[in-house]
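Scroll down for the structure; my scribbles are underneath it.
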């Protein structure tokens, strides 16, 4: 109701405003004043806040024009179901089941395991881990994938030869060979958005702040990233590989790989 | 909504058991038959070259009849070695960038240089110095296109004085010595492309380059046995049994070392049983049973090992005809076994998810860029090139006496 | 005294190697992209190209606030204060900017349930309902999405 009234009122504010708005938020080129050396972007994730709605995976596909098929994702959500141990085993926990139907894009169908058999269950959002020692950039034969000064790991689509070596080298399955460009593709932290002062699409639509995004060089007064690292004990994925991911996870279970 | 989900589940579910990352759940492996052929062909090159080096560097006189043949075999396969790589690229037209801006931390980037070094500085030079005197002579006697090709290949150097020929052979010998580490480098390098991937427990392994070198030697010697026998049969010429026996002996030794190192690799994997070993165990027992247990282990290793081993002991008691057949069978088994080994490495590393929670079951089809047909075509291409090379450089009409022209001792 | 004379075959080979080396260096100079090595071992121009590779699709909550400040004010008071407009209403289409009544999703119960349908995998503290025990997929008959704390 309020929205409708607001909408109509705003509509009466005539076209010039709309044009200005359109210019500001959708057709503007990247701000020429953007200086990559003055930022260090990072996204962190709180497993205990993710509700598995799948809006992020959906938004990512829309925002970045990721191929529709169910094996191309720049970000996705996994559901972990840890069953109760079988009665005779005297184990602390039972079998672990993981699934990610269509990357969690449409949300998750009811679990096939009866509720009574579930010991614990949770969702884990996944994306490029922004490794400090990224194996993907290490193995690229031509320097088509690189760590940017502002904290993203990008693929140069006009220089990538499409050998797939980086895809093999990523321990986290975060890359894919796009059938459209025939080059490697991956999460860019929505580089075209963050350089315009917008949030990455997944962070924008996340309803529970499970995804926390910020700039380590210019933290805002109420920067969620600062609060996140102060309040949580954090972990990374596959730390034994020495890739040293910058993406931190709060409340991560040992079963998550 | 739920209907859509069911459809998606039905589409995705049959591809795998357990959980695989969504980006791994496509219907094809990222690297297919072409990438299986790439280390296979490169290995054959390195092996055939080492085989030739036995004559030059280690003075194994018995192998003289196959010296030039092995070098030409190595050349024919080397000319095709980059083709599968090139064809599998998303953008083959950008492949030159590997040479222009080689990323020094990438195990793949330097391959262009290693390849160029091996092709031009080692193989072509050794062949040229070895053939130069002959090329000049043939260029004078042969008419037409054939003579023109020989004259072209002399690059205008027509000095065939004994001193010049002696220098040729000395240089050829030096290049041959340089060539052995180069052959090791070439194929060890290919092994490192896989061995350096720490994300993949099937590949990430320090002895992967060594395993690749050893299996390359095995396959290269087997290829030389195969090519030599086929060529002799086609020319209806008697096989040199001494040469064949010595090749069989070297094949046996190479197999022993190769089998020992590969066994060591598996023992180490099984004993340390690091993260992900259960997946590899499952793969070895289920997904790769035919190519690993039957192809690589039984056919490619155990049968040739036992056959060649017994021939080492009881050579005198086996007639030439049976020995010939046994060598031929062993060579083919070894060639197929090493092909199975390359398959197991390349495909095995992609059949399980890097989440270590699931196994994919890709289908490899007949047609298409990564299909069987193209693979077979690529595999027959070096044989076609070899036929041309043999017609040009090992033609019977050119070689008046015996298998090789008189060669002065390089020292 | 005669100078050392290189044997002709060696001379040809050296010449050839030299020619190959020189042509490689020339090709490298010509073919290396201009901005390579600007920031590191990659095409520096790729950074700027990435910023303009796509236009942003999601306009962001701030953009909506320009013309719907009252809605955002209402929203900020309740439990949905951290929710982005486009999470429920869908992407702001270009048509919506010129014709505000067009092309925005009117939220339905399905959108509410995407988050609030009970699931053992959801955090325990998160508000969830088993819809069939509750009422039906008609949440907004009773609840106000912009003011979820206003219990009917």
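The values are calculated or read from the model by the stated rules, or taken from the named source; none is laboratory data. Please read all numbers here as calculations on a predicted model, not as lab measurements. Because the Cβ atoms are built from the backbone with ideal geometry, glycine has one as well, and the counts that use them run over all protein chains shown.
Quick notes on this structure:
- First in the stretch B:356-368 and farther than 12 Å from residue B:29 by Cβ and within 11 Å of another protein chain (Cβ to nearest Cβ), second anywhere and modelled with pLDDT of 75 or more and part of a loop (DSSP other than H, G, I, E, B), Cβ under 7 Å, 6 or more apart: B:356/A:257; B:356/B:275; B:356/B:276; B:358/B:20
Residue-by-condition table, conditions (1) at the interface with chain A (Cβ under 9 Å from one of its Cβ atoms); (2) out of contact with any strand residue (DSSP E or B) (no Cβ under 7 Å at 6 or more places or on another chain); (3) buried (at least 19 other Cβ atoms within 10 Å of the Cβ); (4) at pLDDT below 90:
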{"site": "C:59", "(1), (2), (3), (4)": "yes, yes, yes, no"}
{"site": "C:75", "(1), (2), (3), (4)": "no, yes, yes, no"}
{"site": "C:83", "(1), (2), (3), (4)": "yes, yes, yes, no"}
{"site": "C:93", "(1), (2), (3), (4)": "no, yes, no, yes"}
{"site": "C:98", "(1), (2), (3), (4)": "yes, yes, no, yes"}
{"site": "C:106", "(1), (2), (3), (4)": "no, yes, no, yes"}
{"site": "C:109", "(1), (2), (3), (4)": "no, yes, no, yes"}
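- Of all positions in the stretch A:94-104, at least one carries a residue that is more than 9 Å from chain B (Cβ to nearest Cβ), surrounded by fewer than 24 Cβ atoms within 10 Å (Cβ to Cβ) and modelled with pLDDT under 95.
- Only helices (runs of 4 or more DSSP H) whose full extent lies in the stretch C:69-152 are considered here, and the ones with at least 1 residues that are in contact (Cβ under 8 Å) with a residue 12 or more places away in the chain are C:69-77, C:85-89, C:109-116, C:131-134.
- Selection within the stretch C:31-57 - under 19 Å from residue A:193 (Cα atoms), facing chain A (nearest Cβ under 9 Å) and part of a loop (DSSP other than H, G, I, E, B): C:52, C:53, C:54, C:55, C:56, C:57
- Leading residue by the ranking (farthest from the other protein chains (Cβ to nearest Cβ)) among those in the stretch A:79-93 that are part of a loop (DSSP other than H, G, I, E, B) and in contact (Cβ under 8 Å) with a residue 12 or more places away in the chain: A:85
- Out of C:12, C:43, C:28, sole residue that is surrounded by 15 or more Cβ atoms within 10 Å (Cβ to Cβ) and farther than 26 Å from residue A:191 by Cβ: C:12
- Candidate set from the stretch B:116-144 (those that are out of contact with any helix residue (DSSP H, G or I) (no Cβ under 7 Å at 6 or more places or on another chain) and buried (at least 18 other Cβ atoms within 10 Å of the Cβ)); member that is nearest to the other protein chains (Cβ to nearest Cβ): B:128
- Matching helices (runs of 4 or more DSSP H) fully within the stretch A:144-221 where at least 2 residues are closer than 26 Å to residue C:90 by Cα: A:191-194, A:201-205
- Within the stretch B:93-115, the set of residues being crowded, with 18+ Cβ neighbours inside 10 Å, at the interface with chain A (Cβ under 8 Å from one of its Cβ atoms) and not in a helix (DSSP H, G or I) comprises B:95, B:101, B:102, B:103, B:106, B:107, B:108, B:109.
- Residues satisfying the stated conditions in the stretch B:189-204, i.e. part of a helix (DSSP H, G or I) and surrounded by 21 or more Cβ atoms within 10 Å (Cβ to Cβ): B:189, B:190, B:191, B:193, B:194, B:195
- Restricting attention to the stretch A:205-227 and to residues that are within 14 Å of another protein chain (Cβ to nearest Cβ) and out of contact with any helix residue (DSSP H, G or I) (no Cβ under 7 Å at 6 or more places or on another chain), the residue that is nearest to residue A:55 (Cα to Cα) turns out to be A:224.
- Those helices (runs of 4 or more DSSP H) lying entirely in the stretch B:205-302 with at least 2 residues at pLDDT 95 or above: B:208-234, B:241-272
- Qualifying residue in the stretch A:53-68 (condition: at pLDDT 95 or above and assigned to a strand (DSSP E or B)): no
- Every test in (1) at the interface with another protein chain (Cβ under 7 Å from one of its Cβ atoms); (2) within 17 Å of the chain's Cα centre (by Cα); (3) closer than 17 Å to residue B:97 by Cβ is passed by residue A:173 save one, and that test is (3).
- Any hit, the stretch B:208-225, residues being within 14 Å of another protein chain (Cβ to nearest Cβ) and either touching a residue at least 12 places away in the same chain (Cβ under 8 Å) or more than 18 Å from residue B:276 (Cα to Cα) (or both): yes
- Against the criterion of being more than 7 Å from chain A (Cβ to nearest Cβ), touching a helix residue (DSSP H, G or I) at 6+ places or on another chain (Cβ under 8 Å), without any contact (Cβ under 8 Å) to a residue 60 or more places away in the chain and outside any loop (DSSP other than H, G, I, E, B), residue C:12 does not qualify.
- Single residue of A:190, A:128 found to be touching a residue at least 40 places away in the same chain (Cβ under 8 Å), within 14 Å of chain B (Cβ to nearest Cβ), crowded, with 24+ Cβ neighbours inside 10 Å and closer than 25 Å to residue A:204 by Cβ: A:128
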